[in-house]
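A short write-up of the structure that comes next.
The values are calculated or read from the model by the stated rules, or taken from the named source; none is laboratory data. Everything numeric here is computed off the predicted structure, so don't read it as measured data. All Cβ positions, even for glycine, are placed from backbone atoms using ideal geometry, and neighbour counts span all protein chains on display. Calculation scope for accessible area: heavy atoms of the full protein, side chains included, ligands and nucleic acids excluded. Shrake-Rupley method; radii C 1.70, N 1.55, O 1.52, S 1.80 Å.
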Amino acid sequence: MKVLSIVGARPQLVKLGAVAAAFAGTGHRHVVVHTGQHYDPGLSDVFFREFGIPEPDYHLGIGSGGHGAQTGAMLAAIDPVVAAERPDWVLVYGDTNSTIAGALAAVKLHVKVAHLEAGLRSFNRRMPEEHNRVLTDHCADLLLAPTEEAMRHLAAEGLADRAVNVGDVMVDVCLRTRDAVLAEGLRPALPAGVDADAPFLVATLHRAENTDDPELLAALVGALADLPVPVALLAHPRLRAKADGFGIKLDQGALAVGDPLPYRDLVAAVLASSGVVTDSGGLQKEAYLLGRACTTLRTETEWVETLEGGWNVLAPRPDRLPAAEWHATATRPAPAVRLADPYGDGRAGEAVVRTLASRLG
Ligand code: UD1
């Protein structure tokens, strides 16, 4: 079997880490295409090194742009690669513009498409990620879902026949990394001003719906800066660019600003922290897996399981909450009771490879 993985943005490289590890040592051929959507070394190269993923077989160097221009440029560049490789499967990941471009290119060449992390829904049609995941699910031949909730969404859209729950590949990577970090006693690389031995929060903020509205972005940054404990803000380039453009100062109040971290350092930072505040999908789940409470700066979440038992709390407009309530929410301790394994057992990568092989015919 020959499988062509198409990736481009940071969260896809984490998922690729699990899938590439599962392919290693099998007789299958795994070809990797990097669209170049994320090109900063800290958002891309570092993950290939960390997870021991072989260099991409193709690097398309597409880079940034408006949604249409970026997706279109990817589509044009992926097309000849799929035509030349003629894989048994094109495997696309998650919900970025690289996902929809890869899926469309393959469908039009009559190459079978598998979508990893299928069936997630926010039901918020303002999010580019929601367009990407809905469209990708409906054009893919095989839907590799991470949870039972995702399976239900696919069934409700008439896609049950193509769907398989393989578990969540991010669990494979997160738990493996956690064990390595704990075994090595890795100290977190935190922004200056944050003491790893005192309570602090890890924060990230990058979603277009939060960063692209100046009033909302100023309110969110202000709410983080107002917290009573230091906040290590790992600033995505989109956040820095938008804050700069709107004249919003990131380095204020409780905020200590640093760059995005390699995955091991991120895990070490969350383990050292007292909690997480984020609008990232992956980090909501990683906080849960690493035993920290998460506060999510969004109106909804795709990872609804994390809301159970208070592991995750939605706070779309913390600036509109009474200060005491916002402070208490963001700094609350992790719940005592764990959830019943909603994301699988940490062996999803192998399930992906097995399912691709068994569904070939
Ligand atoms: C993309 C995904 C999002 C995912 C996120 C993870 C889409 C629609 N969005 O958002 O779902 O959660 O990745 O990080 O695909 N930039 C850099 N260096 C880079 C990459 C981007 O400076 O390496 C800048 C760009 O110039 C642009 C901004 O970041 O200003 C946005 O990049 P883009 O790829 O469009 O989307 P993300 O916000 O990263």
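Once both labels are positioned 7 Å from their Cα atoms along Cα-to-Cβ, the gap between ASP212 and GLU300 label points is 1.8 nm. Helical runs (DSSP H, four residues minimum) scored at -39500 (n - 2.57) apiece and divided by the length of the chain put the mean residue ellipticity at 222 nm at -12500 deg cm²/dmol. Placing a label point 7 Å from the Cα of ASN124 along the Cα-to-Cβ direction, the residues of the stretch 287-307 whose backbone N falls under 14 Å from that point are 295-304. For LYS112, the lysines whose Cα falls under 25 Å of its own Cα, not counting residues fewer than eight places away in the same chain, are LYS2, LYS15. For the stretch 92-186, the equivalent ellipsoid derived from the alpha-carbon gyration tensor has semi-axes of 27, 15, 14 Å in decreasing order.
Between helix 214-225 and the chain there is an angle of about 60 degrees, using the helix long axis and the longest principal axis of the Cα atoms. When you count the other C-beta atoms within 10 angstrom of each residue and take the mean per peptide, 281-293, 129-141, 49-61 line up highest first as 281-293, 129-141, 49-61.
Does anyone have the angle between helix 237-246 and the longest principal axis of the chain? Alpha-carbon axes, 0 to 90°, nearest 10? Result, in degrees: 50. Just name one of ALA293, PRO333, ALA160: the one whose Cα is farthest towards the positive end of the charge dipole of the chain (beta-carbon charges, Lys/Arg +1, Asp/Glu -1). Final value for the positive-end residue is ALA160. In this simple spin-label approximation, VAL337 and ALA241 carry label points 7 Å from Cα along the Cα→Cβ vector, and these lie 4.5 nm apart. Between the residues VAL202, SER5, LEU120, the greatest Cα displacement towards the positive end of the dipole of the chain, with unit charges on the Cβ of Lys, Arg, Asp and Glu, is found for SER5. Please compute one quarter of the surface area of the Cα convex hull for the stretch 97-151 and express it in square nanometres. Averaging across all directions leaves 3.5 nm² for the Cα convex hull.
Given their separation in residues at 0.36 nm each and the Cα-Cα distance between them, VAL313 and ARG49 gain 91.7 nm when the chain is fully extended.
Most tightly packed first, judged by the mean number of other beta-carbon atoms within 10 Å of their residues, the peptides 80-92, 325-337 read 80-92, 325-337. The GNM of the chain, with springs linking C-alpha atoms under 10 angstrom apart, assigns the highest mean-square fluctuation among HIS206, HIS28, HIS153 to HIS28.
By accessible area, using a 1.4 Å probe on protein heavy atoms only, the stretch 176-330 has 54% of its surface on carbon and sulfur.
When the inverse distances between all different Cα atoms of the stretch 1-92 are averaged and flipped, the Kirkwood radius reads 13.4 angstrom. Dipole magnitude for the chain: about 400 debye, using +1 per Lys or Arg Cβ and -1 per Asp or Glu Cβ, origin at the Cα centre. Here the stretch 184-279 is treated with +1 on each Lys and Arg Cβ and -1 on each Asp and Glu Cβ, and its dipole about the Cα centre works out to around 140 debye. The residues of the stretch 176-330 present an accessible area of 37 Å² per residue when probed at 1.4 Å with all protein chains retained. Inverting the pair-averaged 1/r between distinct Cα atoms of the stretch 176-330 gives 15.5 Å as its Kirkwood hydrodynamic radius.
A Gaussian network model of the chain, with springs between Cα atoms under 10 Å, assigns the largest mean-square fluctuation among VAL33, VAL107, VAL270 to VAL107.
A simple spin-label model places pseudo-atoms 7 Å from Cα toward Cβ; at LEU182 and GLU157 they are separated by 3.6 nm. For the chain, what log10 I(q)/I(0) values come out of the Debye formula at q = 0.06, 0.13 1/Å, with one point per alpha carbon and no solvent? Taken in order of the listed q values, log10 I(q)/I(0) reads -0.21, -1.02.
How far is helix 128-139 tilted off the main Cα axis of the chain, in degrees rounded to 10, range 0 to 90? The angle comes out near 20 degrees.
Under the criterion of Cα pairs below 8 Å and six or more residues apart, the relative contact order for the chain equals 16 percent. For the pair ALA198 and ALA83, the difference between a 0.36 nm per residue extended length and the Cα-Cα distance amounts to 35.9 nm.
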